[in-house]
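I have placed the structure first, in the form of structure tokens, so that the comments after it can refer back to it.
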Amino acid sequence: MKTRPRYLPLIEAEVGMLLDAPVRLVNSGFLTFSLPAGHTLTQDNLNQLVAHRAEFIYVAEPDSRPDAQVAADAAHDAHRVMEIFAGADLSDPNIMALFDQVVQYRSA
């Protein structure tokens, strides 16, 4: 089954969701709670995330879009990112790093 990542507020998280990226919560420079990518959320996990004041998580959701739609969506998103960065100096390494991250995020 194909999946696609989704960044969502913790309030929308549900038992059984699969983490697409690790969760690492830090307080005063100390790791206070973590879950690995690929972990299936339990009610205890959700309670712990709330207790540690997590705000957002990255989950893997089923993706039932046909391959042609995935490609069309990716092309549309890439075009939109290019419009946003049209006036940016992509020769600046910091701007280019940001651009790469936005393209990667929007292409998921």
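Would you pick out the residues in the stretch 27-46 that are modelled with pLDDT of 95 or more and hydroxyl-bearing (S, T, Y)?
S34, T40, T42
Taking the options R53, R24, name whichever one is farther than 18 Å from R106 by Cα, in a loop (DSSP other than H, G, I, E, B), basic (K, R) and modelled with pLDDT of 90 or more.
Only one candidate passes the filter, namely R53.
Scan the stretch 57-77 for residues that are loosely packed, with under 14 Cβ neighbours inside 10 Å and in contact with a helix residue (DSSP H, G or I) (Cβ under 9 Å, 6 or more places away or on another chain) and jot them down.
Of everything in the stretch 57-77, just one residue is loosely packed, with under 14 Cβ neighbours inside 10 Å and in contact with a helix residue (DSSP H, G or I) (Cβ under 9 Å, 6 or more places away or on another chain), namely R65.
With respect to Q101, is the statement that it is closer than 30 Å to L31 by Cα, out of contact with any helix residue (DSSP H, G or I) (no Cβ under 6 Å at 6 or more places or on another chain), of a type outside the set (A, V, I, L, M) and exposed (fewer than 14 other Cβ atoms within 10 Å of the Cβ) true?
Yes, satisfied.
Which members of the stretch 56-82 meet the condition of being among the charged types (D, E, K, R) and in a helix (DSSP H, G or I)?
Passing the criteria: D67, D73, D77, R80.
Answer yes if at least one residue in the stretch 22-34 is surrounded by 11 or more Cβ atoms within 10 Å (Cβ to Cβ), aromatic (F, W, Y) and within 23 Å of L10 (Cβ to Cβ), and no otherwise.
Checking the stretch 22-34: at least one residue is surrounded by 11 or more Cβ atoms within 10 Å (Cβ to Cβ), aromatic (F, W, Y) and within 23 Å of L10 (Cβ to Cβ).
Can you tell me which residues in the stretch 35-50 are surrounded by fewer than 16 Cβ atoms within 10 Å (Cβ to Cβ) and either touching a residue at least 12 places away in the same chain (Cβ under 8 Å) or in a loop (DSSP other than H, G, I, E, B) (or both)?
Matches in the stretch 35-50: P36, A37, G38, H39, T40, T42, Q43, V50.
Name the single residue, out of those in the stretch 1-21 being in a strand (DSSP E or B) and at pLDDT 95 or above, that is surrounded by the most Cβ atoms within 10 Å (Cβ to Cβ).
L19
The values are calculated or read from the model by the stated rules, or taken from the named source; none is laboratory data. Predicted model only: the values in this text are computed from it and were never measured. Cβ atoms come from the backbone with ideal geometry, glycine included; neighbour counts cover every protein chain shown.
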